[in-house]
Amino acid sequence: MALARAEGVTAAQLLPHTKGIVELLGQLVSVSAERADADSHPGDVSNVTSVAAGIEHIVHASAARGLDTGVLDAALAVARRAIAEGRGRDDFSRLVDTVRVA
């Protein structure tokens, strides 16, 4: 909402899109949970590399508008670490392993 506001979009205008995203995330969380429990992370629909690119875009857009990117920077760092570990083609559920402390 902060990025939308910086672009002149009100929270009310953003709300219909936000609701759609939340519904989609609900479905993705179920799939991610199944994949994490099965330790199977096929990047058949999306993968860590593509998600990282999206996060990076939001970080740059937010920073350009003077917004705090701390949380986004942390998420991007985890995704980049997974990519560096050779897991960029895996599903985002792979990050369960990436954030695990050895």
Exercise. Working from Cα positions, state the angle (0 to 90°, nearest 10) between the long axis of helix 70-84 and the longest principal axis of the chain.
Key: 30
Quiz prompt | Heavy-atom accessible surface of the chain: percent carbon and sulfur, 1.4 Å | solution = 60
Exercise. Return P(r) of the chain (all Cα-Cα pairs; 5 Å bins starting at 0; whole %; ordered from short to long distances).
Key: 2, 12, 18, 20, 20, 14, 9, 4, 1
Quiz item: Short version: ³J(HN,Hα) in whole Hz for each residue of the stretch 10-26, in order, from phi by Karplus 6.51 cos²θ - 1.76 cosθ + 1.60 (θ = phi - 60°), x for Gly and Pro, what are they?
Solution: 6, 4, 5, 5, 7, 3, x, 6, 4, 4, x, 5, 4, 4, 5, 4, x
Quiz prompt | Inter-probe distance in nm under a simple model that places probes 7 Å from Cα toward Cβ, at L25 and Q13 | solution = 2.2
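Heavy-atom accessible area per residue, the chain, 1.4 Å probe: how many Å²?
68
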Exercise. Putting +1 on Lys and Arg Cβ atoms and -1 on Asp and Glu Cβ atoms, find which of G43, V29, A61 reaches farthest to the positive end of the dipole of the chain.
Key: A61
Quiz item: Once both axes come from the Cα atoms, what is the angle between helix 48-64 and the longest principal axis of the chain, in degrees from 0 to 90, rounded to 10?
Solution: 30
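The values are calculated or read from the model by the stated rules, or taken from the named source; none is laboratory data. This is a predicted model, so every value here is computed, not measured. Heads up, the Cβs are rebuilt from the backbone with ideal geometry, glycines too, and the neighbour counts pull from every protein chain shown. To get the accessible areas, we keep the full protein, side chains included, count just its heavy atoms, and leave off ligands, DNA and RNA. Shrake-Rupley method; radii C 1.70, N 1.55, O 1.52, S 1.80 Å.
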